[in-house]
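Please read the structure below before turning to the comments.
The values are calculated or read from the model by the stated rules, or taken from the named source; none is laboratory data. Because the structure is predicted, anything quoted here is derived from the model rather than measured. All Cβ positions, glycine included, derive from the backbone under ideal geometry; neighbour counts span all protein chains shown.
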């Protein structure tokens with residue numbers, strides 16, 4: 001691995017659901033994908049939960065976490081990935 005590759009931050013993707021109300025039903029859930037950088041899984045989850053709370057979501061269920069090894073090809077996620085590389089937490093919410 002070159003020094004440049006070692007310095008590249010790990011971009012995590014977290015998949016879950018959020019609710020805008022604490023008394024929301026499963027039908028009220030909004031699916032989300034969260035892109036962010038963090039040193040480890042626990043830090044990534046903590047940063048994601050903090051960002052979702054700041055966005056005003058009352059409840060969150062996180063289902064999966066993974067590390068991305070390359071930039072997503074889907075245009076829906078390209079800017080979120082770039083935001084994560086810049087140190088931001090990018091939340092992609094799939095509202096109907």
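Values computed for the structure shown
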{"item": "Filtered residues of segment 16-34 (kept if more than 14 Å from residue 52 (Cα to Cα) and buried (at least 16 other Cβ atoms within 10 Å of the Cβ))", "result": "24"}
{"item": "The lone exception for residue 56 - which of (1) closer than 23 Å to residue 76 by Cβ; (2) at pLDDT 95 or above; (3) exposed (fewer than 12 other Cβ atoms within 10 Å of the Cβ) it fails", "result": "(2)"}
{"item": "Segment 3-31 residues that are modelled with pLDDT under 90, paired with ones that are in a strand (DSSP E or B) and surrounded by 13 or more Cβ atoms within 10 Å (Cβ to Cβ) (beta carbon under 6 Å, 6 or more apart)", "result": "9/37; 22/59"}
{"item": "Of all residues in segment 62-89 being exposed (fewer than 12 other Cβ atoms within 10 Å of the Cβ) and farther than 20 Å from residue 9 by Cα, the one that is nearest to the chain's Cα centre (by Cα)", "result": "63"}
